[in-house]
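Accompanying notes for the structure given below.
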Amino acid sequence: MTPHLKHTRQAVERQLSAMQCPVYRIGRKNEVSGQVRHQTMTSEALMAAISTLARANAQGEHVWIMPHSPEGLVLVDDVKRKTIERMKRDGLAPCCVIETSPRNFQAWVRLTYQPVTPALLKAAARLLATRYEGDLASAASSHYGRLAGFTNRKEKHRQASGLYPYVLCREATGNRARLGETLIFAAGEAEVKQPARQKMVSAYYEAAPLEAQKRFYQVWTRGYRRTRDASRADFTASLDALRLGLPPDAVQLLLRTLSPDLDERKRGHVEDYLQRTIVAAKEACISVS
């Protein structure tokens with residue numbers, strides 16, 4: 001086995017260990033002809049096909065990967081390193097980070113291990129892409145990302161030497177995002193506006209009930225209808241969620257996601273407003289406990 005092939009195998013193994021899917025779809029596109037081939041493979045079959053894929057890659061084919069079916073795993077495409085660090089701070093750390101070309105990254109985020117409908121998973125992917133300025137065209141319940149260990153054959157990335165850059169697996173924790181399931185709920189409420197919303201969210205509750213988060217939305221809506229004061233509704237719903245035992249960072253994410261027109265209402269100081277609201281709600285919890 002050549003050194004290059006050995007490194008390719010190691011990179012693929014690392015990415016697969018982080019994605020943790022039983023079956024994958026592998027895509028191969030010829031950069032010149034545009035022809036695309038699709039294959040369904042288990043991890044074992046994929047590892048056995050490394051040599052074949054490496055030859056195809058050397059002949060000008062891109063090599064892509066995605067889960068074969070919705071696995072609670074979504075792709076955030078075309079982000080920078082500083083954005084990935086912000087995702088970590090927000091409780092949405094990727095399970096796998098792929099450098100597709102120098103200083104350009106794809107982040108696979110494990111939101112849940114529970115069954116999720118494709119429509120709800122797509123809504124979550126779009127919410128992530130919007131918040132972290134990823135490629136909205138890639139925000140779907142299933143979308144190809146690059147497979148580490150092979151070269152990126154786009155002509156614009158050809159180096160002065162004539163070689164193409166290798167796709168690198170930079171991080172591979174395999175961990176579920178701490179606030180992944182909270183994001184799924186928030187996506188169902190914030191992104192899906194048609195009547196199908198409740199059916200989609202209910203399907204998720206059947207798999208993994210999130211009654212505290214559901215109540216957050218209900219309390220906010222009731223509070224706003226009563227007072228017509230969005231800031232007061234933010235505080236009331238946060239206080240209720242904290243009393244139910246939802247962690248402060250989860251409450252803050254819900255507030256950021258569900259509070260209507262938050263960016264407009266609190267232009268320039270959204271994060272400061274969120275933190276102040278959660279602190280006030282926590283203090284109110286302590287004062288009545």
Looking only at the stretch 261-289, which residues are loosely packed, with under 13 Cβ neighbours inside 10 Å, modelled with pLDDT under 80 and not β-branched (Val, Ile, Thr)?
Ser287, Ser289
Restricting attention to the stretch 102-130, the residues that are in contact (Cβ under 8 Å) with a residue 24 or more places away in the chain and touching a strand residue (DSSP E or B) at 6+ places or on another chain (Cβ under 9 Å) number exactly 15
So how many residues does the stretch 261-284 have that are in contact (Cβ under 8 Å) with a residue 40 or more places away in the chain and assigned to a loop (DSSP other than H, G, I, E, B)?
0
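Give the stretch 123-136 a look and list any residue that's of a type in the set (D, E, K, R) and within 21 Å of Gly91 (Cβ to Cβ), or say none.
To start, the set of residues in the stretch 123-136 that are of a type in the set (D, E, K, R) comprises 126, 131, 133, 135.
Within the stretch 123-136, Arg126, Arg131, Glu133 meet the criteria.
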Just name the residue that is surrounded by the fewest Cβ atoms within 10 Å (Cβ to Cβ) out of those in the stretch 145-165 that are under 15 Å from Val12 (Cα atoms) and not charged (D, E, K, R).
Asn152
Condition test on Gly60, is it in contact with a helix residue (DSSP H, G or I) (Cβ under 9 Å, 6 or more places away or on another chain) and either polar (S, T, N, Q) or assigned by TED's automatic domain parsing to the domain that holds Phe150 (or both)?
no
Looking only at the stretch 149-164, and only at residues there that are among the polar types (S, T, N, Q) and in a loop (DSSP other than H, G, I, E, B), the one that is nearest to Ala54 (Cα to Cα)
Asn152
Report whether or not Ala119 is in contact with a Ser or Thr (Cβ under 9 Å, 6 or more places away or on another chain), assigned to a helix (DSSP H, G or I) and closer than 29 Å to Thr182 by Cα.
yes
Please specify each residue of the stretch 122-148 satisfying the condition of being small (Gly, Ala, Ser), within 13 Å of Trp64 (Cα to Cα) and assigned to a loop (DSSP other than H, G, I, E, B).
Ser142, Ala148
Looking at Val79, Val63, Val36, which is the one that is of a type in the set (Val, Ile, Thr) and under 23 Å from Ala177 (Cα atoms)?
Val79
Sort out which residues of the stretch 170-180 are more than 11 Å from the chain's Cα centre (by Cα) and either more than 19 Å from Cys96 (Cα to Cα) or surrounded by 22 or more Cβ atoms within 10 Å (Cβ to Cβ) (or both), and write them in order of number.
none
Would the stretch 179-201 turn up any residue that is modelled with pLDDT of 90 or more and in a loop (DSSP other than H, G, I, E, B)?
no
Among residues belonging to the stretch 223-260 that are outside any helix (DSSP H, G or I) and modelled with pLDDT of 80 or more, point out the one that is farthest from Tyr132 (Cα to Cα).
Arg228
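The values are calculated or read from the model by the stated rules, or taken from the named source; none is laboratory data. Keep in mind it's a predicted model, so treat the numbers as computed, not measured. Cβ: placed from backbone, ideal geometry, glycine included. Neighbour counts: every protein chain shown.
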